[in-house]
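Worksheet: one structure, shown below.
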Amino acid sequence: SALSIAASSGIRHGDIRLGNVIRVSSGVRHPFYVLIGWGRAVLEDTDHASMNLLFSSTYALQEGKLCATSDAESLVYLLYFSSGGVLPDLDSVEVALGWREMSWSRRVIQQRLGEISAILKAFADYVDSLCGTPY
């Protein structure tokens, strides 16, 4: 995937959200999704990521920059919300962090994705272990 190739070069997308995913269906037998919006990609640790209370990683919200697993965590939130997960009313970083703490500690995200696919649940569990969420 594009994220894997970019990450192997030290590049992070930094702005994974619904508006940066398009569905390609014209001229192909099986439609697929493409991550766009690489113009804000983060190349160095000193670069700052775009902040989005729904999709930014916990680390990005806490530190104002990305870590190696930030894009994967953002992808989990995108999958969760696009699969019908409840969109909370987040009006501050503190509220967004509280929602993440509650969601990971109660395994809300893993349960929702598990209702769709065992592979998506396994991916959420994997990201949880990578990020080392203390919840």
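The values are calculated or read from the model by the stated rules, or taken from the named source; none is laboratory data. Only a predicted model underlies this, so the values are computations on that prediction, with no experimental measurement involved. Quick reminder, even Gly has a Cβ in these numbers, built from the backbone with ideal geometry, and neighbours come from all protein chains shown.
All of Leu87, Leu66 fail the test of being touching a Gly at 6+ places or on another chain (Cβ under 6 Å) and assigned to a loop (DSSP other than H, G, I, E, B), apart from Leu66.
Just a yes or no: is a residue in the stretch 102-111 hydroxyl-bearing (Ser, Thr, Tyr), more than 21 Å from Ile5 (Cα to Cα) and assigned to a helix (DSSP H, G or I)? Spell out how you get there, then give the answer.
Keep residues of the stretch 102-111 that are hydroxyl-bearing (Ser, Thr, Tyr), which gives 103, 105.
Then keep just the ones that are more than 21 Å from Ile5 (Cα to Cα); that gives 103, 105.
Those left that are additionally assigned to a helix (DSSP H, G or I): 103, 105.
Taking every residue of the stretch 102-111 in turn, at least one turns out to be hydroxyl-bearing (Ser, Thr, Tyr), more than 21 Å from Ile5 (Cα to Cα) and assigned to a helix (DSSP H, G or I).
Filtered by the rule that a residue be among the β-branched types (Val, Ile, Thr) and loosely packed, with under 15 Cβ neighbours inside 10 Å, the stretch 94-115 gives a lone residue, Val95. The residues of the stretch 116-126 that are in contact (Cβ under 8 Å) with a residue 24 or more places away in the chain and closer than 19 Å to Val86 by Cβ, listed by number, are Ile116, Leu120, Ala124.
Looking only at residues of the stretch 40-89 that are over 24 Å from Arg106 (Cβ atoms) and polar (S, T, N, Q), we find that the one that is modelled with the lowest pLDDT is Thr46.
When only residues in the stretch 14-36 that are in a loop (DSSP other than H, G, I, E, B) and touching a Lys or Arg at 6+ places or on another chain (Cβ under 8 Å) count, which is surrounded by the most Cβ atoms within 10 Å (Cβ to Cβ)? Explain how you work it out, then say what you get.
Step one: of the stretch 14-36, the residues in a loop (DSSP other than H, G, I, E, B) are 14-17, 25-31, 36.
From the residues that got through so far, the ones that are touching a Lys or Arg at 6+ places or on another chain (Cβ under 8 Å) too are 14-15, 31.
Values: Gly14: 25, Asp15: 23, Pro31: 9.
The qualifying residue surrounded by the most Cβ atoms within 10 Å (Cβ to Cβ) is Gly14.
Filtering the stretch 23-42 to residues that are among the hydrophobic types (A, V, I, L, M, F, W, C) and out of contact with any Gly (no Cβ under 7 Å at 6 or more places or on another chain) leaves Val24, Val28, Phe32, Val34, Leu35, Ile36, Trp38.
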